[in-house]
1. Take the residues in the range 17-64 that are small (Gly, Ala, Ser) and in contact with a Ser or Thr (Cβ under 6 Å, 6 or more places away or on another chain), then tell me which one is nearest to LYS237 (Cα to Cα).
2. From THR146, THR128, which residue is open to solvent by 10 Å² or more (accessible area, probe 1.4 Å) and polar (S, T, N, Q)?
3. For the range 326-346, how many residues meet the condition of being within 16 Å of VAL312 (Cβ to Cβ) and open to solvent by less than 20 Å² (accessible area, probe 1.4 Å)?
4. Conditions: (1) without any contact (Cβ under 8 Å) to a residue 40 or more places away in the chain; (2) open to solvent by 10 Å² or more (accessible area, probe 1.4 Å); (3) under 28 Å from ARG54 (Cα atoms); (4) not aromatic (Phe, Trp, Tyr). VAL138 meets all but one. Number of the miss?
5. Could you list all residues from the range 234-254 that are within 14 Å of PRO282 (Cβ to Cβ) and over 16 Å from the mean Cα position of the chain (by Cα)?
6. Given the conditions (1) more than 24 Å from SER198 (Cβ to Cβ); (2) in a loop (DSSP other than H, G, I, E, B); (3) without any contact (Cβ under 8 Å) to a residue 40 or more places away in the chain; (4) not aromatic (Phe, Trp, Tyr), and given that LYS35 satisfies all but one, which numbered condition is not satisfied?
7. Could you tell me which of the residues HIS245, HIS195 is modelled with pLDDT of 95 or more, closer than 15 Å to ARG131 by Cβ and either of a type outside the set (Lys, Arg) or open to solvent by less than 10 Å² (accessible area, probe 1.4 Å) (or both)?
8. Condition test on SER240, is it farther than 23 Å from VAL194 by Cβ and either touching an Asp or Glu at 6+ places or on another chain (Cβ under 6 Å) or modelled with pLDDT under 90 (or both)?
Amino acid sequence: MRINMSHINYLAFAIPAFFLFVFIEYRVAQHRRQKTVFKYESSVANFSIGIAERLLNLFIAASFYQVYFWVYNNYAIFNISDKWYMWFILLLATDLVWYWYHRLGHEINFLWAAHIVHHQSEEFNLTTAARITTIQAVFRNVFWCTLPLIGFHPNMIITILLAHGAYSFFTHTQLIGKLGLLEHIFITPSLHGVHHASDEKYLDKNYGDVFVFWDKLFGTFQTEEEAPKYGLTHPIKSYSFLWQHFHYYLEILEACKRATSFKAKINAVFGSPALMDQNIRPYLEEKYHQAKKQTKPIQFKFYLNLQLVIVVGLLTLVTLFFKQLSALDGAAVLTFILLSLINIGALLEQRRWIYYLECFRLILTTAYIFYSFNIIEYLALPVLLFIVLERVFSLSDKYYKYVLDYQKTSK
């Protein structure tokens with residue numbers, strides 16, 4: 001691939017910056033002996049979800065901007081200037097739109113299904129800010145279309161959204177206490193920690209992203225009093241990458257199946273999460289073998305960490321040179337990273353089936369390499385070699401023993 005410097009996406013440097021801030025937060029927590037701020041399995045799960053969102057958004061982000069321009073060019077109500085005070089008004093408008101998107105995301109089941117992922121973590125630190133799904137990003141951008149409809153230019157909107165998102169990243173930390181007078185103006189880490197709490201007095205509070213005005217105006221403001229307990233009121237019992245993304249959609253589907261009337265089916269999709277049958281999740285956890293978290297310690301953290309480093313490195317490179325990738329290269333990287341993230345989640349839970357996922361990923365990667373060098377007709381050779389090695393050296397048994405720490409299995 002020939003590199004064209006004019007087509008480099010410099011937003012890629014936000015990825016290492018993110019990890020740098022997380023590292024700083026981690027070291028500060030260590031220095032303060034606040035050992036409960038970070039938990040290895042939860043932090044890795046948070047990283048995995050954030051990586052998937054950043055990756056998938058590369059393929060669809062341009063369409064968001066195109067929609068903004070289409071709405072602005074065809075349906076803008078006003079022709080708003082770009083004078084300095086309009087930027088501040090746009091920031092206020094953006095935060096108001098966010099408030100209602102965010103609030104509805106907690107009050108309507110099909111929106112909550114996308115947003116619940118952000119609240120699953122039982123830790124509250126900068127890694128939690130990464131727990132955004134692409135599905136949530138799509139819903140969010142539908143709400144953002146209100147801004148070009150009013151008459152704000154898309155270039156202004158994109159700039160404000162970048163600043164808006166950057167601010168909210170830094171509100172996901174326990175290491176910054178209350179900030180005095182600022183608590184009455186801005187959403188601070190303390191106030192946003194309340195929003196992430198599962199304590200009854202803190203539920204459905206502090207939906208704002210930058211300013212507290214909207215919560216005070218609409219009756220959802222709450223200061224931090226007792227130390228919050230973070231996470232869901234009914235925590236999920238899995239670190240599975242797939243389960244964390246899709247369990248609530250399955251709950252909605254199951255609620256629809258159990259519904260005895262059309263109105264009940266509509267409520268399952270558009271009703272309040274607070275009214276969801278709480279027996280559905282335990283049933284589905286049992287059905288899909290997600291009923292217990294893995295209690296054994298991860299035996300081969302180096303292998304898991306190595307995969308995480310590889311996918312972060314690939315994500316950074318792909319983001320940097322995305323416009324120069326061919327469709328095949330993009331599809332190959334997308335497939336490899338998503339399979340790796342599924343693999344990482346399964347490693348956290350010590351799932352035996354990931355050996356077969358490893359084999360599948362290895363074969364696909366080899367096929368891509370052989371195709372790139374125009375020798376795809378020889379793909380059968382490494383596949384046959386792998387089969388022979390499995391037969392002779394029992395690779396699966398070694399994998400179970402050294403990676404998953406299982407005893408040798410009978411064939």
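The values are calculated or read from the model by the stated rules, or taken from the named source; none is laboratory data. From a predicted model like this one, the values you see are computed outputs, not experimental measurements. Counting neighbours? That spans all protein chains shown, and the Cβs are built from the backbone with ideal geometry, glycine included. These accessible areas exclude ligands, DNA and RNA; they are computed on the full protein's heavy atoms, side chains included. Shrake-Rupley method; radii C 1.70, N 1.55, O 1.52, S 1.80 Å.
1. Going residue by residue through the range 17-64, those that are small (Gly, Ala, Ser) are 17, 29, 42-43, 45, 48, 50, 52, 61-63.
From what's left, in contact with a Ser or Thr (Cβ under 6 Å, 6 or more places away or on another chain): 42-43.
Details: SER42: 12, SER43: 15 Å.
Result: SER42.
2. On inspection, the qualifying residue turns out to be THR146.
3. The qualifying residues number 6.
4. With respect to (1) without any contact (Cβ under 8 Å) to a residue 40 or more places away in the chain; (2) open to solvent by 10 Å² or more (accessible area, probe 1.4 Å); (3) under 28 Å from ARG54 (Cα atoms); (4) not aromatic (Phe, Trp, Tyr), VAL138 is out only on (1).
5. Within the range 234-254, HIS234, PRO235, LYS237, LEU250, GLU251, GLU254 meet the criteria.
6. Against the list (1) more than 24 Å from SER198 (Cβ to Cβ); (2) in a loop (DSSP other than H, G, I, E, B); (3) without any contact (Cβ under 8 Å) to a residue 40 or more places away in the chain; (4) not aromatic (Phe, Trp, Tyr), LYS35 comes up short only on (1).
7. Matching residue, one of HIS245, HIS195: HIS195.
8. It is true that SER240 is farther than 23 Å from VAL194 by Cβ and either touching an Asp or Glu at 6+ places or on another chain (Cβ under 6 Å) or modelled with pLDDT under 90 (or both).
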